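S.K.: Questions regarding the structure given below will be posed in turn.
The values are calculated or read from the model by the stated rules, or taken from the named source; none is laboratory data. From a predicted model like this one, the values you see are computed outputs, not experimental measurements. Backbone-built Cβ (ideal geometry, glycine too); neighbour counts: all protein chains shown.
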Amino acid sequence: MKYIIKKILMMILTLVVVSFCVFLAFSLIPGDPATRKLGTEATPELIMQYREKMGLNDPLLVRYFRWLISFIKGDMGTSYSYSVPVSSMLMNKLPITLTLGIMSFVMMIVISIPLGIYTAKHENGYIDKVIVVINQIIMAVPPFFSGILLTFLFGMIFKLFTPGGFVSYTQDMGAFLKYLILPAISIALPKAAMSTKLLRGSVIAEAEKDYTRTAYSRGNSTTEVLYRHVLKNAMIPVITFMGMALADMIAGSIVIEQVFSIPGISRILLTSISNRDYPVVEAIIMGIAILVIVTNLLVDIIYRIIDPRIETME
Amino acid sequence: MADIILDVSDLNIEFHDHDKPETVVFDFDLTLEKGEIVGIVGESGSGKSMSALAIAGLLKRHALTKTGRIMFDGHDLLTCDRDTLRSYQGDEIAIIFQEPMTSLNPVKKIGWQVEECLRIHHKDMSKQERKEKAVNMLDSVGIHEPEKVYNMYPHELSGGMRQRVMIAAAMIADPQILIADEPTTALDVTVQEQIVELLRKLNREKQTSIIFISHDLSLVSRLCQRVLVMNKGYVVETGKTEDVFKRPREEYTKRLIAAIPKIDI
Amino acid sequence: MKKFFDNIFRYKSNKKINGYMVAGSIITGLIILMVIVGLFYMPYDPTKMDSSCKLQGISLKHIMGTDNMGRDVFSRVMYGSRVTLLIAIGTVTMGVVIGSIIGAFTGYYGGMLDEVLMRIIDALFAFPSILLALVFVSLFGTGTYQVIISLGIAFVPSFARIVRSEVLRCRNMDYIESARLQGVPDLRIIFVHIIPNTKDTMIPSILIGFNNAVLAEAGLSYLGIGSQPPYASLGKMLSDAQSYMFTTPSYVLSIGMTIVLMILGFAFLGEGLGKDKRG
């Protein structure tokens, strides 16, 4: 319990540091928001007035805390380009990106855990050798290219998929999820390959350890040693990887949304970057940062559950 | 003549790891009577641990060849099918190892590991019975507050305590044979003494036969009734402990004995 | 550098041939050869449009076909690989240099500076590098150099962590201790005695770094952020080619396969070196 509280405090500290970095970065950008808002023809008096009104003349720390508090309240500022609240712009896009990320995460787990165990158990067998090589190749295929290949395969040859035929979750949940299958596979494939490789190596390394010999000496069969003793130990490094992969996959979905023309967070982010619509970029980055940091906390907690040694190690 | 419960004859073990095969144990013979403590001594690499692992059925089936016979309960453990071998492992033949630090699974509770043999071999036993037995066993190997230790993890215990846990886990199903493979080497001298005392107590109370493997001759001379001296894979001398230590016939044994540090008080 | 090549070609002296190493060397060698040849000779001008032969398939005249503006895809791939490779080299160099300096100092001196920097580095490390690069691109603007700087910064944390843990490992070794007692200055200890010792860990990490840099660069330029036309890198070309996937598959496939091979080459080299180390 002490461990978890310590980790939560640590997480809050990291959140503060990261949010400050993000805030600092975006307030150092050349260009005055007041000038941007009022246009270059505005008189200096008008600009001064506006700056005073928006609190732009206050010290950096004051502005930071004001920004942080309003962010926590859900007010992420107003888009420069569209003059609408950022939160309302993101609200109905967020579920799309999150669904895609979580779908690929689940796929990665479902593919890699059985494969990792199987290949470790049959180390150096024919199927293992083939899977190891395929794994290496899959890891080298960028998700956006495998997305293109999958579109080609399922759209052109099998005719099971309509490129660009995205249906929003508000209209038809089933069709929405069905459209996301191929994008999710493209995101999940390289990560699944990596985590298969990691789990395989981890199981093989654990199987060499002394405690497995003890387990055999008590009359366990190979399968029993694997599932009752080795697997829990072998999962420890894999969980770290999967935690990091979740963040990567959500970031990866930004590229994949472009490949499959899915109107998620990606499009808003990219147009905001090219329009220099900073409040929107800032909000998205902060959102993903929070997600990353919370995921790390969850990984730490899962760690604690699996590995009892952690508390004393800290 | 007492009951012979284990009869090992002509055991040869040969490795194939490297380019040319390498024999590590030659014509190993051993008979073990009920309630007897037999010691195997020798330097590291003399083949004593290999022989022990072979008896416990823990040598991998590939990468090495084994010939000879290990007769237990009417079965040859070298050639019987794996299910038969497994039914003896942990239930009738138990083993404890040199490294108590790494021989326990780090992510499982002590109680779970102590009970494991019961879970595998005595499936009819209820959870409550198993726990009761495990706690009693922990108590009888000299662990204070066994109820508390039952719910602890290995890293929370000292090396000596872990070795006691290993012994408790090995003895829980009342095996006929306990193989102790250098059980005290990794421990402090005072703890060594306690572990040896514990093994003697268990042997007396439960009539468990013990094969005690060590390079420490003084320990062996105090604990074992009979002793085998091994060198480079061969059993060079065997007999009653007293005879071997007082009247060693082989040069190698003499040198081993001469190397024991003597303290005259 | 000589040691580096010795490492790569060490399989010659071993009885057992390291398959990953051979495959990695061949693939990477071919890509580098293609880029070097491209400096002096290309079959066509990669920017020359020819409306008479748009979107042609594979032929002897155009071994990878032509694009929607009638440009020769192979020449464009030669050019694009050069851009991608240069960005990758720039990125990795930047990551390694800055990361080593941060990692070496924080690891060697420890203390408060170490605590604070490592907190930030950890937070950055958990952040997906492509996203980090996007943040910096949005700050610095788009373009080849901006992409190198952005990706370079995004790569700093991983190298800083590796160097830091290596320095921590070496810091208390006897020979460092004795150098310190002899009065060798700290800077000299760090850069002459400690850093060279990290090479066994660093070389595979650098190869993996190339792998990731190519991947990230391709991703960024696929999104249209990065080197701007006509100096297109492979990722941008791929996103252009995607629209013609159904009419001229050879166009998109040849570009995609080049990216895959480039990544695969580095990945195999990294894997091979790792295998060599493990024996």
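S.K.: Give just the number: which of (1) modelled with pLDDT of 85 or more; (2) touching a helix residue (DSSP H, G or I) at 6+ places or on another chain (Cβ under 9 Å); (3) outside the structural domain of residue A:252 (by TED's automatic domain parsing); (4) farther than 17 Å from residue A:290 by Cα does residue A:100 not satisfy?
M.R.: Residue A:100 satisfies every listed condition except (3).
S.K.: Taking residue B:116 as the residue in question, decide whether it is of a type outside the set (A, V, I, L, M, F, W, C), out of contact with any strand residue (DSSP E or B) (no Cβ under 7 Å at 6 or more places or on another chain), crowded, with 21+ Cβ neighbours inside 10 Å and in a helix (DSSP H, G or I).
M.R.: Values: of a type outside the set (A, V, I, L, M, F, W, C): yes; out of contact with any strand residue (DSSP E or B) (no Cβ under 7 Å at 6 or more places or on another chain): yes; crowded, with 21+ Cβ neighbours inside 10 Å: yes; in a helix (DSSP H, G or I): yes.
Yes; evaluated as a whole, the condition is true for this residue.
S.K.: Could you list all residues from the range A:59-113 that are without any contact (Cβ under 8 Å) to a residue 24 or more places away in the chain and part of a helix (DSSP H, G or I)?
M.R.: A:61, A:62, A:65, A:66, A:69, A:70, A:72, A:88, A:91, A:102, A:106, A:110
S.K.: Just one of the numbered conditions (1) without any contact (Cβ under 8 Å) to a residue 24 or more places away in the chain; (2) surrounded by fewer than 19 Cβ atoms within 10 Å (Cβ to Cβ); (3) within 14 Å of chain A (Cβ to nearest Cβ) is not true of residue C:128; which one?
M.R.: Of (1) without any contact (Cβ under 8 Å) to a residue 24 or more places away in the chain; (2) surrounded by fewer than 19 Cβ atoms within 10 Å (Cβ to Cβ); (3) within 14 Å of chain A (Cβ to nearest Cβ), only one is false for residue C:128: (2).
S.K.: Same structure again: Would you tally the residues in the range B:58-110 being without any contact (Cβ under 8 Å) to a residue 40 or more places away in the chain, closer than 16 Å to residue A:213 by Cα and not in a helix (DSSP H, G or I)?
M.R.: 5
S.K.: Looking at the range A:137-173 only, could you name the residues that are in a helix (DSSP H, G or I) and surrounded by fewer than 13 Cβ atoms within 10 Å (Cβ to Cβ)? Don't jump to the end; show me each part of the working.
M.R.: The first filter runs over the range A:137-173 and keeps only residues in a helix (DSSP H, G or I), leaving A:137-140, A:143-157, A:173.
Result: A:157, A:173.
S.K.: What are the residues in the range A:49-75 that are at pLDDT 80 or above and surrounded by 17 or more Cβ atoms within 10 Å (Cβ to Cβ), if any?
M.R.: Of the range A:49-75, the ones at pLDDT 80 or above are A:59-75.
Result: A:64, A:67, A:71.
S.K.: Here's a follow-up. Among the residues of the range A:114-128, write down those that are of a type in the set (D, E, K, R) and either within 11 Å of chain C (Cβ to nearest Cβ) or not in a helix (DSSP H, G or I) (or both).
M.R.: A:123, the sole residue that qualifies.
S.K.: Can you pull out the helices (runs of 4 or more DSSP H) entirely within the range C:160-279 that have at least 2 residues that are closer than 24 Å to residue C:131 by Cα and away from every other protein chain (no Cβ under 14 Å)?
M.R.: Details: elements: C:174-181, C:199-222, C:234-242, C:249-278.
Here the list reads C:199-222.
S.K.: Return the residues of the range A:294-308 that are surrounded by fewer than 20 Cβ atoms within 10 Å (Cβ to Cβ) and touching a residue at least 24 places away in the same chain (Cβ under 8 Å); say none if nothing qualifies.
M.R.: To start, the set of residues in the range A:294-308 that are surrounded by fewer than 20 Cβ atoms within 10 Å (Cβ to Cβ) comprises A:294-295, A:297-299, A:301-308.
The answer is A:294, A:295, A:297, A:298, A:299, A:301, A:302, A:303, A:304, A:306, A:307.
S.K.: Which one of A:243, A:287, A:201 is over 30 Å from residue A:68 (Cα atoms), within 14 Å of chain C (Cβ to nearest Cβ) and not in a loop (DSSP other than H, G, I, E, B)?
M.R.: None of the others qualify; the one that does is A:201.
Each row is one residue, and each column tells you yes or no for (1) within 27 Å of the chain's Cα centre (by Cα); (2) basic (Lys, Arg).
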{"site": "C:59", "(1), (2)": "no, no"}
{"site": "C:65", "(1), (2)": "no, no"}
{"site": "C:71", "(1), (2)": "no, yes"}
{"site": "C:85", "(1), (2)": "yes, no"}
{"site": "C:89", "(1), (2)": "yes, no"}
{"site": "C:97", "(1), (2)": "yes, no"}
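S.K.: Let me ask you something else. Residues that are part of a helix (DSSP H, G or I), among the basic types (Lys, Arg) and more than 7 Å from every other protein chain (Cβ to nearest Cβ): does the range A:274-281 have at least one?
M.R.: No, every residue in the range A:274-281 fails to be part of a helix (DSSP H, G or I), among the basic types (Lys, Arg) and more than 7 Å from every other protein chain (Cβ to nearest Cβ).
S.K.: For the range B:119-157, how many residues are more than 16 Å from residue B:170 (Cα to Cα), within 14 Å of chain A (Cβ to nearest Cβ) and assigned to a loop (DSSP other than H, G, I, E, B)?
M.R.: Within the range B:119-157, residues that are more than 16 Å from residue B:170 (Cα to Cα), within 14 Å of chain A (Cβ to nearest Cβ) and assigned to a loop (DSSP other than H, G, I, E, B) number 5.
S.K.: Are there any helices (runs of 4 or more DSSP H) wholly within the range B:176-262 with 3 or more residues that are more than 23 Å from residue B:31 (Cβ to Cβ), touching a Ser or Thr at 6+ places or on another chain (Cβ under 9 Å) and not aromatic (Phe, Trp, Tyr), and if so which? Give the derivation first.
M.R.: Values: elements: B:189-206, B:217-223, B:241-246, B:251-258.
Where helices (runs of 4 or more DSSP H) fall fully within the range B:176-262 and carry at least 3 residues being more than 23 Å from residue B:31 (Cβ to Cβ), touching a Ser or Thr at 6+ places or on another chain (Cβ under 9 Å) and not aromatic (Phe, Trp, Tyr), they are B:189-206.
S.K.: Which pairs do you get when a residue that is in contact (Cβ under 8 Å) with a residue 24 or more places away in the chain, found in the range C:37-62, comes within reach of a residue that is polar (S, T, N, Q) and outside any helix (DSSP H, G or I), reach meaning Cβ atoms under 8 angstrom, with the pair 6+ apart or on two chains?
M.R.: As it stands, the answer is C:55/C:66; C:55/C:68; C:55/C:247; C:55/C:248; C:56/C:66; C:56/C:248; C:57/C:248, since those pairs meet every condition given.
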